[in-house]
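Reviewing the structure listed below.
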Amino acid sequence: MRVLRRIFSRFYLYVLWVFFAVLFCGLVFSRLGDTDPAHKITLYADVPDMRDTVLAAELEKEKPEGIRMVKVHPFSYAMFDTDDLLGADLYILPASRVEEYADSLRCIEGAPFDAAGGCLRGGELWGVLVWDAAKGEGAAADFIDYPDEDCWLFFNKDSKHILSLNGTGDDAAIEIAQRLLDLRGEQ
């Protein structure tokens, strides 16, 4: 009885230690499972549902030189931390949300993408069609559940992985975008 009383009198300390241990381990594992933005490509998709981990693994099969990982997330992943969302390299956006994010996007005129069906602004190519809602087909449809509207792939204006468009960094985001477009499928 005395031992139990002693244990319960310090129960709050045990709970506190468990809380800090879980917090510490979570921070350590999140750091081990991530890398700096210079060595990763991040894609955010504003879609109803997706198999993000499987798509990331598929895109990582042939990573560009200097890239350690490819991260793929739905927009809901950044619900409380918009810095990660604003720092992404690529976005998949439905037609109804393009204007909302227009300030974060860049023109991709001159990049090696087919302008047919692309999202044009001022006569320039800004986005590549990844989901044609009328046909029910598009890029990575085996991994992404697209909404009932056309969706385009856009590049972040601040991405360091689009050398041919901004003169700095590398072209890793363009290579990953091309791999994504090569993953054709139907829903």
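The values are calculated or read from the model by the stated rules, or taken from the named source; none is laboratory data. In this text, all values refer to a predicted model and were calculated from it rather than measured experimentally. When we count neighbours, we look across all protein chains shown, and the Cβ atoms used for this are built from the backbone with ideal geometry, even at glycine. Quick note on the areas: whole protein, heavy atoms, side chains included, nothing else; ligands and nucleic acids left out. Shrake-Rupley method; radii C 1.70, N 1.55, O 1.52, S 1.80 Å.
General observations
- With respect to being over 23 Å from Asp52 (Cβ atoms), surrounded by 14 or more Cβ atoms within 10 Å (Cβ to Cβ) and at pLDDT 85 or above, Leu181 falls outside the description.
- Entry remark, the range 66-101: residues being over 13 Å from the mean Cα position of the chain (by Cα) and touching a residue at least 24 places away in the same chain (Cβ under 8 Å) number 9 in total.
- Pair list, Cβ under 6 Å, 6 or more apart: the range 115-140 residue in contact (Cβ under 8 Å) with a residue 40 or more places away in the chain, other residue open to solvent by 40 Å² or more (accessible area, probe 1.4 Å): Gly136/Glu186; Gly136/Gln187; Glu137/Glu186
- Where Ala111 falls short, out of the listed (1) within 22 Å of His73 (Cα to Cα); (2) open to solvent by less than 30 Å² (accessible area, probe 1.4 Å); (3) touching a helix residue (DSSP H, G or I) at 6+ places or on another chain (Cβ under 9 Å); (4) in contact (Cβ under 8 Å) with a residue 60 or more places away in the chain: (1)
- Options Asp103, Asp52, Asp89; residue that is surrounded by fewer than 16 Cβ atoms within 10 Å (Cβ to Cβ), within 23 Å of Ile174 (Cβ to Cβ) and not hydrophobic (A, V, I, L, M, F, W, C): Asp103
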